[in-house]
Amino acid sequence: MITEAMWDQVNNISMIANVLLNAVLVSVFYIPFLRRRVRTVILGVVYAGVMSILYFVPVNFSGVIAYALGCSAVCIASVFVERVNAPQMMFLSMTMYLLLWISMELAVLPWNLISSVTFMNPKVTGDLQQIMLYGLAQAIHAVIRCAVLSFGIHLIKVIYKRKKELMEWRELAFLSTTYIAIIASYWICTFMEEAFEKAAGDYFGHRYPVYHGICAVFGVIAFLAMMAVIYFYHKIKASEEEVLQNSLIHSQIDELSGHVHSMEKVYSDFRGIRHDINNHIMVLGNLIKENSSDQALQYLNDWSEDFHTVDINAKTGNPVTDIVISEKRRQAEDAGIRFVDDFHYPEEGKVESIDVGVILNNALSNAIRAAENLDKSFVEIKSWRSGDMFMVQVRNSFSGVLWISDEDGLVRTSKPDFDKHGYGLKNMRRIAEKYFGTTQLEQEDDTVIFTAMMVI
């Protein structure tokens, strides 16, 4: 009885240790995907709690069901604590479930060798010695399984590039198709194995030793399939992003070019009118001398209709940036936003005005959108030189907490069409990097600050 109780204690300790180790690795797996590290600890605690309860309840659960329930609990907890990106949280829980299963299948392979040289060794005769060696075998097995699981987690993290990017439901459907096929195959194999054991009264692996090798091969193939799905998903996303970024840049350049051409036409009209200015002045002078003030006023009104309405109030030193800032000032003032302009185009240095115009257009559009419908809202823009560095900074009022990614320093947006947003920030950074610079986005209380740095 004492010996049997000791065997049970070793099994319980081994199981609890495995649960705790898995919980730690679950937490490690989620670290780069969640905004705060403490939330990954919560997920580990949830996993450990659920798996411990399942182990000690008087109902027998197979490993398939137990792991599924544990990972489902982690999925629910991750959605609750993160409150955004539910599709990604669901995908990560399925990924973790498969990693747990694959590590378990691969760790089974050396078990026969481990047991044969430890507690199953014919030279071991004492019960206490056998129990101690059994505990050692379980510890070695746990180390091997954790090593395999850690290696799998590391590879997934390496290949999963867009860890903080929001995932759409349609993308989850695309990614989970392969996962579901793998999980279904795993469940079918497990069901057939358990049905055989009940019918034959013998463990399937004992009757057919090659079965463990087949399961291990299946696990490796499943892991490679997981890697392939994630890899090609990111390749497709990168391709789509590049197309959208190029399209956005071209549309902004076309818009700026249209403004420039419009201004060129206005200036051309001014040059034509200047040739007739003396005649107009002479006519107005004669009408005034004849005390025909009404006719003079009518003549002046008719003459003014020939002029285009030009509202270029910015004097930055460059026609492109003059147009952009003037247009954004008009948009801000129409929205009731105070607009402060202290931008000056660099007099020296090699920088294309279209590139600066794209940065200004994006940064000011984002600032105006963020400051809309706020009390005492404002948008401020300024620029300065620091040696060879040309700095552009846009400040705006903002209500809420800006969610800035730790990976790239860019904002994660919660807009419904978020796949089309955020590219403006990426385009601005790409332009800054063209001039060996970068961009920075930060929040100070109720103010968002965007800064672009370029070496010119």
Expected single match for more than 30 Å from residue 430 (Cβ to Cβ), out of contact with any Ser or Thr (no Cβ under 7 Å at 6 or more places or on another chain) and polar (S, T, N, Q) among 239, 185 is 185
For a quick check of your reading of the model, give me the residue pairs whose first member lies in region 338-351 and is within 23 Å of residue 397 (Cβ to Cβ), whose second is surrounded by 15 or more Cβ atoms within 10 Å (Cβ to Cβ) and of a type in the set (Phe, Trp, Tyr), with beta-carbon atoms closer than 9 Å and at least 6 apart or on different chains. 338/378; 339/378; 340/378
How many residues are over 30 Å from residue 348 (Cα atoms) and either more than 22 Å from the chain's Cα centre (by Cα) or open to solvent by less than 80 Å² (accessible area, probe 1.4 Å) (or both) if we restrict to region 359-377? 8
Picking from 340, 356, 324, the residue that is on the phi < 0 side of the Ramachandran plot, touching a Gly at 6+ places or on another chain (Cβ under 6 Å) and either open to solvent by less than 20 Å² (accessible area, probe 1.4 Å) or not in a loop (DSSP other than H, G, I, E, B) (or both) would be 324
Report yes if residue 251 is surrounded by fewer than 13 Cβ atoms within 10 Å (Cβ to Cβ), at negative phi and at pLDDT below 80, otherwise no. yes
Could you list all residues from region 102-120 that are more than 16 Å from residue 131 (Cα to Cα) and among the aliphatic types (A, V, I, L, M)? 102, 104, 106, 107, 108, 109, 113
Does residue 3 satisfy being more than 17 Å from residue 102 (Cα to Cα), among the polar types (S, T, N, Q) and at pLDDT 90 or above? no
Any residue in region 69-87 that is open to solvent by 20 Å² or more (accessible area, probe 1.4 Å) sitting within a Cβ distance under 7 Å of a residue that is part of a loop (DSSP other than H, G, I, E, B) and among the hydroxyl-bearing types (Ser, Thr, Tyr)? List the pairs, counting only those 6 or more apart or interchain. 84/414
Step by step: first the residues of region 96-144, then only those that are among the β-branched types (Val, Ile, Thr), open to solvent by 30 Å² or more (accessible area, probe 1.4 Å) and within 41 Å of the chain's Cα centre (by Cα), then the one that is nearest to residue 3 (Cα to Cα). Which residue is that? 140
Contact list please: Cβ distance under 8 Å, first residue in region 203-216 and surrounded by 13 or more Cβ atoms within 10 Å (Cβ to Cβ), second residue of a type in the set (Gly, Ala, Ser), pairs at least six apart or on different chains. 211/205; 212/205
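The values are calculated or read from the model by the stated rules, or taken from the named source; none is laboratory data. Here the structure is a predicted model, which is why all the values come from computation and not from measurement. Note that we place each Cβ from the backbone using ideal geometry, even for glycine, and neighbour counts take in every protein chain shown. Areas reflect the complete protein model, heavy atoms only, side chains present, ligands, DNA and RNA absent. Shrake-Rupley method; radii C 1.70, N 1.55, O 1.52, S 1.80 Å.
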